[in-house]
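J.: Once you've had a glance at the structure underneath, I'll fire off some questions.
The values are calculated or read from the model by the stated rules, or taken from the named source; none is laboratory data. These numbers were taken from a predicted model, which means no experiment stands behind them. As a convention, Cβ positions derive from the backbone with ideal geometry for all residues, glycine included, and neighbour counts pool all protein chains shown.
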Ligand code: CP
């Protein structure tokens, strides 16, 4: 059964086909209004969300389908101790497709391995957020007209920012991509992300200086410093205002630079920036609905002739993941699975390297 847990589960051709479908939906919504008649989407949100959950639900309604689900763990049997694996098995009896968000890294993969319907990862802790990347890609296509030869500044929490990790994976595939990674020292991208860039030969630089980087950027992708990811509140307090984008900072930017943000924002983009035509973040949130429509259509279509999930290169049970944020740290059923990538053995759920 095909699920989408990581943006790399979709090929470059598939990403471009999804953006084509989304553009066709925008141009001809009436052609899609009954495409999912009789189908049900379950939205399983164990962590708060506005855009992801509601845009998935709006997407299914606009395709003529139905929606069921929950918006917090407290209103599900997770509050009684039910595992992600069992939840996925049960919901597969009630729905044709699942979109889920969970605070634990790897939770969506754990669900997908036990569901009998497609699972879409709506965010798993600080790990991945592939459908946000779909929204980002459609926004880049509509704002810039291309995916290649772009200098992309990623600014803020690059350590726990799952949207950043997924966007780096997606845009690394295009010729001429260059990243400027702008963050405080403590919030730099994890090693596995940097190693991915290096293994693919994608140029990048790390800096703490947003103003210095601004003139060269085609896209500035701002992110929130996420209070909920810090175990020490004092560190959050020290870092939370590291970057605040204001209209005067944009004076140093290209006239056609696009400002993206997955949202929600706290104060890292001043509301005064909203009136600038380069501010694309509200258009980006709308694009998310169209891309989620395209993805639901694709996965439901493929589920008519399900293929087994690829298993090659997986190592079962030989090691233990030591990441305390991984789903395997708290649930028994996700069996320990590892994958050798770039000479490093990593947990298949959270991508943390294994200490052998
Ligand atoms: N961008 C995003 O994931 O927003 P929500 O947390 O509101 O879903």
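J.: Going residue by residue through region 98-110, is there one that turns out to be away from the ligand (no atom under 16 Å from the Cβ), within 21 Å of residue 170 (Cβ to Cβ) and modelled with pLDDT of 95 or more?
T.: Scanning region 98-110, I find at least one residue that is away from the ligand (no atom under 16 Å from the Cβ), within 21 Å of residue 170 (Cβ to Cβ) and modelled with pLDDT of 95 or more, so the answer is yes.
J.: Of the conditions (1) under 17 Å from the mean Cα position of the chain (by Cα); (2) more than 16 Å from the ligand (Cβ to nearest atom); (3) crowded, with 23+ Cβ neighbours inside 10 Å; (4) touching a residue at least 40 places away in the same chain (Cβ under 8 Å), residue 171 clears all except one; give me its number.
T.: The number of the failed condition is (4).
J.: Could you grab me the full set of residues in region 112-142 that are away from the ligand (no atom under 16 Å from the Cβ), crowded, with 20+ Cβ neighbours inside 10 Å and not in a loop (DSSP other than H, G, I, E, B)?
T.: 112, 119
J.: Considering only region 214-247, state which residues are modelled with pLDDT of 95 or more and closer than 13 Å to residue 156 by Cα.
T.: 220, 221, 222, 223, 243, 244, 245
J.: Is at least one residue of region 230-239 under 24 Å from residue 48 (Cα atoms) and within 16 Å of the ligand (Cβ to nearest atom)?
T.: no
J.: Next up: Scan region 24-52 residue by residue and report those that are touching a residue at least 40 places away in the same chain (Cβ under 8 Å) and either surrounded by 21 or more Cβ atoms within 10 Å (Cβ to Cβ) or assigned to a helix (DSSP H, G or I) (or both).
T.: Result: 25, 26, 32, 36, 41, 42, 43, 44, 45, 46, 51, 52.
J.: Also, quick follow-up: Report yes if some residue within region 144-155 is closer than 24 Å to residue 27 by Cα, within 16 Å of the ligand (Cβ to nearest atom) and buried (at least 24 other Cβ atoms within 10 Å of the Cβ); otherwise report no.
T.: no
J.: Of the conditions (1) outside any loop (DSSP other than H, G, I, E, B); (2) surrounded by 11 or more Cβ atoms within 10 Å (Cβ to Cβ), residue 234 clears all except one; give me its number.
T.: Failing condition for residue 234: (2).
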